[in-house]
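This report concerns only the one structure given below.
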Ligand SMILES: Nc1ncnc2c1ncn2[C@@H]1O[C@H](COP(=O)(O)OP(=O)(O)OP(=O)(O)O)[C@@H](O)[C@H]1O
Ligand SMILES: [Mg+2]
């Protein structure tokens, strides 16, 4: 399965959430690859705690260089072994967890037909090896996104392709995510141009709400009653808006609660951060686990 | 373009026997939900319009594409870091075994140059799969360089093979729904001309090894002139013929195709071992125990019957398989894996039966009502 992670706006929590999903999915036993196609800001290395790839690799052998044809194969990093957050080895029962990082100073580029071909070859190779390939696309409409969507169109019907669209829980973010998916030259229209039906496209797209503070969450317990009721009202309005714009419950893959750890640092939340040091909230770990587990659910 | 003999002598190396056959095989599970039939294999391997695909059905279905020939002019590997240019062609082909395992292999037989300067391309193209080495250094130095970690500006047979495998794997004929996740394996091989030291030599056993990066290496010494059969000391091999002034321009690289088939066969079996061993190793790991048993299912159904070492090897080369069965002992490891899978299946059936038994007993009286 190929999972394309995108968002309309920057800074929605796409990279951090996708990294945590990759980590959780590997712990659940699948072989997982994280492919960093956010050429403008390839941050996955930092989130996974890999020093040498903090803002992409410096070796000139990242995903960006591969698409440009500079290297025959992009470098791979074994996250279990290289991450400074983790224990330098694959936990028993877990699958492989591999990062194909971006290049430091990569940036955007014009699409050329060879790039789509190269991307297709790379994805085909990765699907031989990995159960789940998570691709972090940059925010908004990008060349990288066009390349990947083009490449996945001919990857073979047996390799499911899904989209996860990340957005924060605000009015502007809901409208923006709606536009990215359903708007003019959006993901659905692009898919239709590539030969998918509208139903197939809608079936393959799900939304993830990030850093959400539900009005009843314990963190909001200290609010004044007027604030609390205002918040409730806002939340209700957002739910209504989301439903109107095609982002309603049936289209949601998960809701990731706001978490203090992620507020202060982009990182993987391990069970020990929840159970031993208790710096992260158990609900956050649970939400990541649920979304990771349901990635392969065929119909929602 | 027969080169004068003295020039052959002049460029012939002082150390290490020529020629040397270099190659790399990449092996993968075909990106398809199940084994594909002969027609599909034929279509998959038809790399050029109307190119012939060789198909065998016994003892195991196997399809081999025509040779894809590619001209190269690049630096050759060198163990001592010497600058040696190579000009000539490499030959690649794609193979599908049992409708299930896809391979691509590339090879080149390297000889010292027959003329001191570069010739016309037509001269090189006429001799497919042969690269002429322009520069100092012997066959040993070349082999040592090839087996060392790859350097970016040097002949890369692996990359050529990988691209050909990509072509097969991204074919629109495939549904992309492989039932298991497997890693492509890389097998590099070096066949050196046997018995150059003069005097009667005992045949050196083939050496098979796996390095830290997972690259497999197969080292062989065999007669590279003609059939690739095992040499005993009495036979005159090419290297001594070279020393006697054999005209290298007439050397056609016969026997390389048979050796290629052998290496592809070794690669298939090494790949099978790698895939099954990993599945079996994972059985012991908590917590996904039940899921893992299910994951073995496709391997049992689709891969176990493909074990047939030496099935496609030429009789002249059967000694290589005999030696490999002794060390590292491919079939011994396979037998232990298969035994482990049997045990695991027996256990899971037993577990299912006892669980069912309980339910059947409970359901029993209700049915009588
Ligand atoms: N659940 C959360 N709770 C609190 N903070 C979060 C949460 N998820 C993400 N963040 C924070 O939001 C910020 C942006 O996250 P991230 O870098 O993942 O966004 P992005 O969408 O990938 O951004 P860009 O478009 O720049 O690539 C980070 O500081 C991150 O730690
Ligand atoms: Mg990001």
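Here, each number is a calculation from the coordinates, and none is a lab measurement. All values reported here derive from a predicted model rather than from experimental measurement. Here Cβ is always computed from backbone atoms with ideal geometry, including for glycine, and neighbour counts include all displayed protein chains.
Here is how the numbers come out for the structure above:
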read-out: Single unsatisfied condition, residue A:196 versus (1) closer than 21 Å to residue A:138 by Cβ; (2) out of contact with any helix residue (DSSP H, G or I) (no Cβ under 6 Å at 6 or more places or on another chain); (3) away from chain B (no Cβ under 14 Å); value: (1)
read-out: Residue ID - farthest from the other protein chains (Cβ to nearest Cβ), chosen from residues in the stretch A:156-183 that are touching a strand residue (DSSP E or B) at 6+ places or on another chain (Cβ under 7 Å) and in a loop (DSSP other than H, G, I, E, B); value: A:169
read-out: Conditions (1) within 18 Å of the chain's Cα centre (by Cα); (2) more than 16 Å from ligand 1 (Cβ to nearest atom); (3) within 24 Å of residue A:171 (Cβ to Cβ); number of the one not met by residue A:239; value: (1)
read-out: From the options A:262, A:247, A:238, residue that is within 17 Å of residue A:166 (Cβ to Cβ) and either within 14 Å of chain B (Cβ to nearest Cβ) or within 16 Å of ligand 2 (Cβ to nearest atom) (or both); value: A:262
read-out: Strands (runs of 3 or more DSSP E) wholly inside the stretch B:17-65 that include at least 2 residues being within 14 Å of chain A (Cβ to nearest Cβ) and surrounded by fewer than 23 Cβ atoms within 10 Å (Cβ to Cβ); value: none
read-out: From the options A:274, A:256, residue that is within 23 Å of residue A:162 (Cβ to Cβ) and within 16 Å of ligand 1 (Cβ to nearest atom); value: A:256
read-out: Filtered residue count, the stretch B:45-77, keeping only those that are within 16 Å of residue B:156 (Cβ to Cβ) and within 22 Å of the chain's Cα centre (by Cα); value: 6
read-out: Those residues of the stretch A:94-127 which are more than 14 Å from residue A:39 (Cβ to Cβ), part of a loop (DSSP other than H, G, I, E, B) and either within 22 Å of the chain's Cα centre (by Cα) or within 12 Å of chain B (Cβ to nearest Cβ) (or both), in sequence order; value: A:94, A:95, A:96
